[in-house]
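Chemist: Here you go, one structure.
The values are calculated or read from the model by the stated rules, or taken from the named source; none is laboratory data. In this text the structure is predicted, and so the values were computed from the model without any measurement. Positions of Cβ are generated from backbone atoms using ideal geometry, with glycine treated the same way; all protein chains shown enter the neighbour counts.
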Amino acid sequence: MRVLMTGGGTGGHVNPALAIAEIIKRNQPDSEIAFIGTERGIENRLVPRAGYKLYYVNIQGIRRSLSPSNIKTAYLVLTAPKKAKRIIEEFRPDIVIGTGGYVCWPALKAAAQMGIPTAVHESNAIAGVAVKQLKDKVDVIMTNFASTAEGLDAKAKVVRVGNPMNGDFGQYVRAEARERLGIPEHIKTVIVSFGGSLGAQKLNEAVLELMKNFCAEREDVMHFHASGRNDSENVKRRAAEYGLDKKENIKISEYIYNMPELMAAADIIICRAGAMTLSEVAMSRRAAIIIPSPNVTDNHQYKNAKVLSDAGAAVLLQESELDGGRVLTERVSALSEDSAAREKMSRAIADFAEPDAGRLIYREICELAKKR
């Protein structure tokens, strides 16, 4: 099978595309897979590292304010599909699959016009701009949230498949994970917190206050935190000022590499509301305090978190409500003492997990490819 993947700009678009590519390769090792992205996005780092060829199409979004940039955007909207068509003619795919971001629009539009089977995967609860523009052009829209279909009056087939995921999320039981991590038996509550690979300053600040005012005072609590790359030095400095670097029950690192194990060992997870992160928490079936990033397109992290919060599957705390670390500390303290509330949230968030996502996604791809 020859597959052309497209989606870029952020890890939230690129990582699902890479996961889908891995699903295809796992089932059909001789498949030929390439990607279409932009020259500016994170795909330039992630796609070549995964061993795939990366083609480029120049495209950008329209700014809501009056801007000379919109003139360039209008030009790119006209020319990008032609560039994508040339790439498609060169690669000759059996199917083209998008995962969101502006770049998937010209690629999928061109493929649909050329009669090539097309699919798009939407990870977020509310479909993004590109998916909304493509809803009547592609053959299939695969979703992570069941509720996504409610906001799409699409001609395409809409099917919930869950999120394509890499890693062993949901594969460890709590006791096994704690033993592998060497967590002492006297530890009653394990907290895992992170704000993404680059970090999140306000979340980091609130977590440091939580550590100082709650975790450092409790010998039965262990807290693992990833600061992210951009805020790493500042977090280290503040942690040292608070004396947290001398606490055996507090572990601060730039990045967490064994996240499936840590989530399995956790009692409480503090995180952002990116779709992939929420799927990882759901697969791990853990109580979570979700702090959406306010700095994302169309406020989609808040919308993701709201779906879980409304279902009783997580605690939603907006960044503007952090109040330093006081509110977060109050939420964590209360949740750490209420095992019944954690168990209720664990059961509720399990409804948002799709352990069979890989098989469901591959099935849709194969059905589409047969039409070629």
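Chemist: Could you tell me whether SER253 is under 28 Å from GLN171 (Cα atoms), among the polar types (S, T, N, Q) and surrounded by fewer than 22 Cβ atoms within 10 Å (Cβ to Cβ)?
Modeler: Values: under 28 Å from GLN171 (Cα atoms): yes; among the polar types (S, T, N, Q): yes; surrounded by fewer than 22 Cβ atoms within 10 Å (Cβ to Cβ): yes.
Yes, satisfied.
Chemist: List the pairs whose first member sits in the stretch 334-352 and is modelled with pLDDT of 95 or more, whose second member is surrounded by fewer than 17 Cβ atoms within 10 Å (Cβ to Cβ), and whose Cβ atoms are under 6 Å apart, counting only residues at least 6 apart or on separate chains?
Modeler: Every condition considered, the pairs that remain are ALA348/ALA311; ALA348/GLY312.
Chemist: Has the stretch 9-25 got at least one residue that is in contact (Cβ under 8 Å) with a residue 40 or more places away in the chain and outside any helix (DSSP H, G or I)? Explain how you work it out, then say what you get.
Modeler: So the first thing to find is which residues in the stretch 9-25 are in contact (Cβ under 8 Å) with a residue 40 or more places away in the chain, and the list is 9-20, 22-24.
Narrowing the set further to residues that are outside any helix (DSSP H, G or I) leaves 9-10.
Yes: one or more hits.
Chemist: Which residue pairs have Cβ atoms under 6 Å apart, sit 6 or more places apart or on different chains, and have a first residue in the stretch 301-320 that is in contact (Cβ under 8 Å) with a residue 12 or more places away in the chain and over 21 Å from GLY12 (Cα atoms) and a second that is crowded, with 24+ Cβ neighbours inside 10 Å and among the acidic types (Asp, Glu)?
Modeler: Every condition considered, no pair remains.
Chemist: Any chance the stretch 205-213 includes a residue that's polar (S, T, N, Q), closer than 25 Å to SER346 by Cα and either in a strand (DSSP E or B) or modelled with pLDDT of 95 or more (or both)?
Modeler: From the stretch 205-213, those polar (S, T, N, Q) are 213; that's our starting set.
Subsequent filtering for residues that are closer than 25 Å to SER346 by Cα retains none.
Looking through the stretch 205-213, none of the residues is polar (S, T, N, Q), closer than 25 Å to SER346 by Cα and either in a strand (DSSP E or B) or modelled with pLDDT of 95 or more (or both).
Chemist: Might you check whether a residue that is touching a Ser or Thr at 6+ places or on another chain (Cβ under 6 Å), among the aliphatic types (A, V, I, L, M), buried (at least 22 other Cβ atoms within 10 Å of the Cβ) and within 26 Å of LYS344 (Cβ to Cβ) occurs anywhere in the stretch 220-242?
Modeler: Yes, the conditions are met somewhere in the stretch 220-242.
Chemist: Sticking with this structure for a sec: Which residues, counting only those in the stretch 150-160, are aliphatic (A, V, I, L, M) and either outside the structural domain of VAL103 (by TED's automatic domain parsing) or in a strand (DSSP E or B) (or both)? Write out each step before concluding.
Modeler: To start, the set of residues in the stretch 150-160 that are aliphatic (A, V, I, L, M) comprises 152, 154, 156, 158-159.
The answer is VAL158, VAL159.
Let's see how each residue does on (1) surrounded by fewer than 21 Cβ atoms within 10 Å (Cβ to Cβ); (2) of a type outside the set (Ser, Thr, Tyr); (3) modelled with pLDDT of 95 or more:
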site: CYS104; (1), (2), (3): no, yes, no
site: PRO117; (1), (2), (3): no, yes, yes
site: ALA130; (1), (2), (3): no, yes, no
site: THR148; (1), (2), (3): no, no, no
site: GLY170; (1), (2), (3): yes, yes, no
site: VAL173; (1), (2), (3): yes, yes, no
site: SER193; (1), (2), (3): no, no, yes
site: ALA200; (1), (2), (3): no, yes, no
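Chemist: Which one of THR99, THR38 is at pLDDT 85 or above, among the hydroxyl-bearing types (Ser, Thr, Tyr), over 19 Å from MET1 (Cα atoms) and within 22 Å of the chain's Cα centre (by Cα)? Even if it seems obvious, please write down each step before you answer.
Modeler: Numbers: THR99 fails: over 19 Å from MET1 (Cα atoms).
When all the criteria are applied, what remains is THR38.
Chemist: Let me ask something else about it. Return yes or no: is LYS247 assigned by TED's automatic domain parsing to the domain that holds LEU335 and closer than 21 Å to VAL296 by Cβ?
Modeler: For LYS247, the condition - assigned by TED's automatic domain parsing to the domain that holds LEU335 and closer than 21 Å to VAL296 by Cβ - is not met.
Chemist: Assess whether ALA348 counts as being in the same structural domain as VAL281 (by TED's automatic domain parsing), of a type in the set (A, V, I, L, M, F, W, C) and under 17 Å from the mean Cα position of the chain (by Cα).
Modeler: No: the conditions fail for ALA348.
Chemist: Filtering the stretch 43-58 down to residues that are in contact (Cβ under 8 Å) with a residue 24 or more places away in the chain and under 17 Å from GLU22 (Cβ atoms), which residue is surrounded by the fewest Cβ atoms within 10 Å (Cβ to Cβ)?
Modeler: Filtering the stretch 43-58 for residues that are in contact (Cβ under 8 Å) with a residue 24 or more places away in the chain and under 17 Å from GLU22 (Cβ atoms), the one surrounded by the fewest Cβ atoms within 10 Å (Cβ to Cβ) comes out as ALA50.
Chemist: Within the stretch 175-191, track down each residue that is closer than 15 Å to CYS215 by Cα, among the aliphatic types (A, V, I, L, M) and surrounded by fewer than 14 Cβ atoms within 10 Å (Cβ to Cβ).
Modeler: none
Chemist: Would you confirm, using the coordinates I've provided, whether LYS188 is over 25 Å from VAL315 (Cβ atoms) and not hydroxyl-bearing (Ser, Thr, Tyr)? Please lay out each step first, then the result.
Modeler: Numbers: over 25 Å from VAL315 (Cβ atoms): no; not hydroxyl-bearing (Ser, Thr, Tyr): yes.
So LYS188 does not fit the description; no.
Chemist: Among residues belonging to the stretch 280-300 that are free of Cβ contacts under 8 Å to residues at least 40 places away in the same chain and under 16 Å from ILE270 (Cβ atoms), point out the one that is surrounded by the most Cβ atoms within 10 Å (Cβ to Cβ). Give the derivation first.
Modeler: Residues of the stretch 280-300 that are free of Cβ contacts under 8 Å to residues at least 40 places away in the same chain, as a first pass: 290, 292, 294-296, 299.
Restricting the remaining residues to those that are under 16 Å from ILE270 (Cβ atoms) gives 290, 292.
Details: ILE290: 26, PRO292: 22.
Checked the stretch 280-300; the qualifying residue surrounded by the most Cβ atoms within 10 Å (Cβ to Cβ) is ILE290.
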